[in-house]
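Right, one structure below, let's go through it.
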Amino acid sequence: MFPEDAAEKEMWWFLIRHSEFNEFVSDDVLKYYNGNANNLDELMRWSDEIYVHLNPLATNTLKNDYFKKFRFQTYITTAYWYIRAREKLLSDITNKKLYPFKGKKEEAERMQNILEWLDVLIDYAKYNEAKVYDSCAKRIDPVWFRENDLRLEAAMHLVYYDLYENQFDCNGRYLKMFLTSREIMLNTENDPVISMKSKNIISTSLSEGRFGYFYRTIQKWCDGI
């Protein structure tokens, strides 16, 4: 019964349909990635549905004060899990090192859109939805952690995409975004806002995980990094 342009519809979608995804579908994504499921078309439709709701979730008008407190973190959570699910569903299960978005222009454009909608949400909330903006401006953990994790994830994929398309640039927008978010996350050692659990995850992922591998790789490509 909400108007079509009401973000309340998207918040209820998240509470109901996205919860269904977490409860009933997310395990199947992992099964597929490990070569134990054959329902790729169905899983892709689920992830497509998630993507369709990201734009209105970030950009539609939201009047409900209760929902305003959660809109930012809801968008972050939804976008992050969309990218991770898409990555697994598009990977070659016989060779997991094969880059999943290689040659897939539409997939790259979707990630670009996700980052743009995030910035639109932040800019809009700064002036129109204080409760939404407060949740990012105050750097609430784990909201702050997940936002930067999302930027790292999407930027890394987009740099790889540019590399395979012969468009890689050491001064490119997404490489700069990756390096900026990485620097922000590294500067948490003495930050009382960030939990010790998050600090340990950050340290491990940026030094030993795939973000660490990616960083060491681009150091070979670009001088001064």
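Within region 58-66, none of the residues are surrounded by fewer than 22 Cβ atoms within 10 Å (Cβ to Cβ), touching a His at 6+ places or on another chain (Cβ under 8 Å) and at pLDDT 90 or above. Every condition in (1) more than 24 Å from residue 142 (Cβ to Cβ); (2) in contact with a Lys or Arg (Cβ under 6 Å, 6 or more places away or on another chain); (3) open to solvent by less than 30 Å² (accessible area, probe 1.4 Å) holds for residue 188 except the one numbered (1). Scoring residue 92 on the criteria (1) touching a Pro at 6+ places or on another chain (Cβ under 9 Å); (2) at pLDDT below 85; (3) within 30 Å of residue 196 (Cβ to Cβ); (4) not β-branched (Val, Ile, Thr) leaves a single failure, condition (3). Out of 122, 114, one residue alone is modelled with pLDDT of 95 or more, open to solvent by less than 60 Å² (accessible area, probe 1.4 Å) and among the β-branched types (Val, Ile, Thr). It is 114. Out of all the residues in region 1-51, which are surrounded by fewer than 12 Cβ atoms within 10 Å (Cβ to Cβ) and not in a helix (DSSP H, G or I)? Correct list: 1, 3, 4, 5, 34, 35, 36, 38.
If the condition is being among the β-branched types (Val, Ile, Thr), free of Cβ contacts under 8 Å to residues at least 24 places away in the same chain and closer than 18 Å to residue 157 by Cα, then region 181-218 contributes only 217.
Residues that are touching a Ser or Thr at 6+ places or on another chain (Cβ under 8 Å) and either of a type in the set (A, V, I, L, M, F, W, C) or surrounded by 21 or more Cβ atoms within 10 Å (Cβ to Cβ) (or both): does region 155-178 have at least one? Yes, some residue in region 155-178 is touching a Ser or Thr at 6+ places or on another chain (Cβ under 8 Å) and either of a type in the set (A, V, I, L, M, F, W, C) or surrounded by 21 or more Cβ atoms within 10 Å (Cβ to Cβ) (or both).
The number of residues in region 137-154 that are open to solvent by 20 Å² or more (accessible area, probe 1.4 Å) and either among the hydrophobic types (A, V, I, L, M, F, W, C) or in contact with a Gly (Cβ under 9 Å, 6 or more places away or on another chain) (or both) comes to 3. From the list 175, 186, 179, which residue is at pLDDT 95 or above and within 13 Å of residue 206 (Cβ to Cβ)? Being at pLDDT 95 or above and within 13 Å of residue 206 (Cβ to Cβ) holds for just one of 175, 186, 179, which is 179.
The values are calculated or read from the model by the stated rules, or taken from the named source; none is laboratory data. None of these values were measured; they are calculated from a predicted model. Every residue, glycine among them, receives a Cβ derived from its backbone with ideal geometry; neighbour counts consider all protein chains shown. Areas reflect the complete protein model, heavy atoms only, side chains present, ligands, DNA and RNA absent. Shrake-Rupley method; radii C 1.70, N 1.55, O 1.52, S 1.80 Å.
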